[in-house]
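Working notes, structure below.
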Amino acid sequence: MSKATTGKRLNDDIDDVADKFDAAKDAARDAADTAIETVGGVAANINSKLKSVGVDTSVMTDAAKDQMTDLQKMLSDELKARPFRSLAIAAGVGLLFGLLANR
């Protein structure tokens, strides 16, 4: 087989991979959009049902936001106080995910 033929086949293979990647990317985007719409619909449904039985969801939302702010501050303080410990934990978690992903 000549170098020109091999080069042409390689370019064709690269084009095929690029096309498949684009198709996979589009499919992932469509799946993400569908998931977001579904979750939004479920959240709206739950919100309306809670309101219909007298639960004030805005109070629950505010409480959740306050708790998240407190958690973010606590984590930030912990990272500043013990940076090497935090780095070791992050490396361990990354290693664990890497091992699990290779299975």
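The values are calculated or read from the model by the stated rules, or taken from the named source; none is laboratory data. Small disclaimer: the values here were computed from a predicted structure and weren't measured. Note that we place each Cβ from the backbone using ideal geometry, even for glycine, and neighbour counts take in every protein chain shown. Calculation scope for accessible area: heavy atoms of the full protein, side chains included, ligands and nucleic acids excluded. Shrake-Rupley method; radii C 1.70, N 1.55, O 1.52, S 1.80 Å.
Descriptive notes on the structure:
- Tally of residues being acidic (Asp, Glu) and within 30 Å of Leu50 (Cα to Cα) across segment 61-86: 3
- Counted residues, segment 5-42 - those being among the hydrophobic types (A, V, I, L, M, F, W, C) and either open to solvent by less than 80 Å² (accessible area, probe 1.4 Å) or touching a residue at least 60 places away in the same chain (Cβ under 8 Å) (or both): 9
- Selection over segment 31-61 of residues that are outside any helix (DSSP H, G or I) and not small (Gly, Ala, Ser) gives a count of 3.
- Only residues that are exposed (fewer than 10 other Cβ atoms within 10 Å of the Cβ) and within 22 Å of the chain's Cα centre (by Cα) were counted across segment 51-103, and they come to 6.
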